[in-house]
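What follows is a single structure, written as structure tokens, with notes after it.
The values are calculated or read from the model by the stated rules, or taken from the named source; none is laboratory data. What you see is a predicted model, and the numbers here were worked out from it, not measured in a lab. Cβ: placed from backbone, ideal geometry, glycine included. Neighbour counts: every protein chain shown.
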Amino acid sequence: MPGIDVAGIVLDIGQNVKDIKIGDHVIAFPASGSYAEKTVANENLTFVIPESINFESAAACPI
């Protein structure tokens, strides 16, 4: 389904986030969709992308 996932760089995190850091390259599944320059996603639906995988490839991979 288009717009259900996003790949990008973490710009900010909430105070209770433990495993994601600002600057991490991630894929995520935001509740509000991903058709935006910026979005918000829960940590449990956000996954760090290995450095060997680009954003386009990561966004195309199902979790």
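Considering the stretch 14-26 alone, what residues qualify as being surrounded by 15 or more Cβ atoms within 10 Å (Cβ to Cβ), of a type in the set (A, V, I, L, M) and assigned to a loop (DSSP other than H, G, I, E, B)?
From the stretch 14-26, those surrounded by 15 or more Cβ atoms within 10 Å (Cβ to Cβ) are 20, 24-26; that's our starting set.
With of a type in the set (A, V, I, L, M) added as a condition, the list becomes 20, 26.
Within the stretch 14-26, I20 is the sole residue that qualifies.
In the stretch 29-53, what residues are part of a loop (DSSP other than H, G, I, E, B) and among the polar types (S, T, N, Q)?
S32, S34, T39, N42, S52
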Open item on the list: Condition (residue is in contact with a strand residue (DSSP E or B) (Cβ under 7 Å, 6 or more places away or on another chain) and acidic (D, E)) applied to the stretch 29-43: is it met by at least one residue?
Closed with: no
TODO: With the checklist (1) charged (D, E, K, R); (2) at pLDDT below 90; (3) surrounded by 12 or more Cβ atoms within 10 Å (Cβ to Cβ) in hand, flag the one item E51 doesn't pass.
DONE: (3)
TODO: List the number of the failed condition for V6; all other conditions in (1) at pLDDT 90 or above; (2) in contact with a helix residue (DSSP H, G or I) (Cβ under 8 Å, 6 or more places away or on another chain); (3) β-branched (V, I, T) hold.
DONE: (1)
